[in-house]
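Taking it in order: structure first as structure tokens, then the write-up.
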């Protein structure tokens, strides 16, 4: 049962990821990317990381993808061509990526990985209580630094989006 | 609720590694082949998510919450990156009325 769910989610994730990069309409790409994020959230639930799963849905599929969708509709983009004049460039990229994927998969598929044994496993790892304890004790300094990063990103986005003097609005 | 889920016994950790590798390679392919800046950006998001999957996998299989906390930081940085990146794309669109990266040749790179 769990195994079948894993293969189902994996198949759907890879399929929708491929559709993200081959669909011509950018809005379809965003919708397929949201589907990919939903399948990854399914994986997180299978992995007993419930809180990460919900955060993934809210932050990625909810906030970030809506930002993408808003920008695409705002800019009124036309479809761009996938192949065309750059066919040799695209073919060589596909070849290079296939070589890279073959190397990585052949190395990782049978790599010996030590996992925790049954006795030392904690089923509450992915719960909000446990993660909060870790976040605010071991990772307190990075947490504060992320807030500074957010502030600078916010200021940067506002500065970039500002209309320059004498520029017409679109 | 308190029992250890079955997946750690029936699905080996290597399957998750292979899945994350495949998703990462699809992201690289998107960055290399597409010309629309927004699609390139979405491929970068795909690569970030495959790394997130790897972090959560090892965190769960090794029963260590640090990996899942790290995923939070990656999500926060991705959100900041998207805000700035989309602002840059909107600015490019205002200047040249398209988001095709092959037309951005002012610096003759």
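The values are calculated or read from the model by the stated rules, or taken from the named source; none is laboratory data. From a predicted model like this one, the values you see are computed outputs, not experimental measurements. So basically every Cβ, Gly included, is an ideal-geometry build from the backbone, and we count neighbours across all protein chains shown.
Computed quantities for the displayed model
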read-out	value
Any hit, the stretch A:18-33, residues being closer than 19 Å to residue B:55 by Cα and surrounded by 15 or more Cβ atoms within 10 Å (Cβ to Cβ)	no
Failed condition for residue B:49, given (1) over 23 Å from residue A:25 (Cα atoms); (2) facing chain A (nearest Cβ under 7 Å); (3) part of a helix (DSSP H, G or I)	(1)
Members of the stretch B:29-46 that are within 7 Å of chain A (Cβ to nearest Cβ) and either on the phi > 0 side of the Ramachandran plot or surrounded by fewer than 20 Cβ atoms within 10 Å (Cβ to Cβ) (or both)	B:32, B:35
Meets criteria (surrounded by fewer than 20 Cβ atoms within 10 Å (Cβ to Cβ), assigned to a helix (DSSP H, G or I), facing chain B (nearest Cβ under 7 Å) and free of Cβ contacts under 8 Å to residues at least 24 places away in the same chain) for residue A:66	no
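Each row is one residue, and each column tells you yes or no for (1) at pLDDT 80 or above; (2) assigned by TED's automatic domain parsing to the domain that holds residue A:46.
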{"position": "A:99", "(1), (2)": "yes, yes"}
{"position": "A:122", "(1), (2)": "no, no"}
{"position": "A:136", "(1), (2)": "yes, no"}
{"position": "A:142", "(1), (2)": "yes, no"}
{"position": "A:145", "(1), (2)": "yes, no"}
{"position": "A:152", "(1), (2)": "yes, no"}
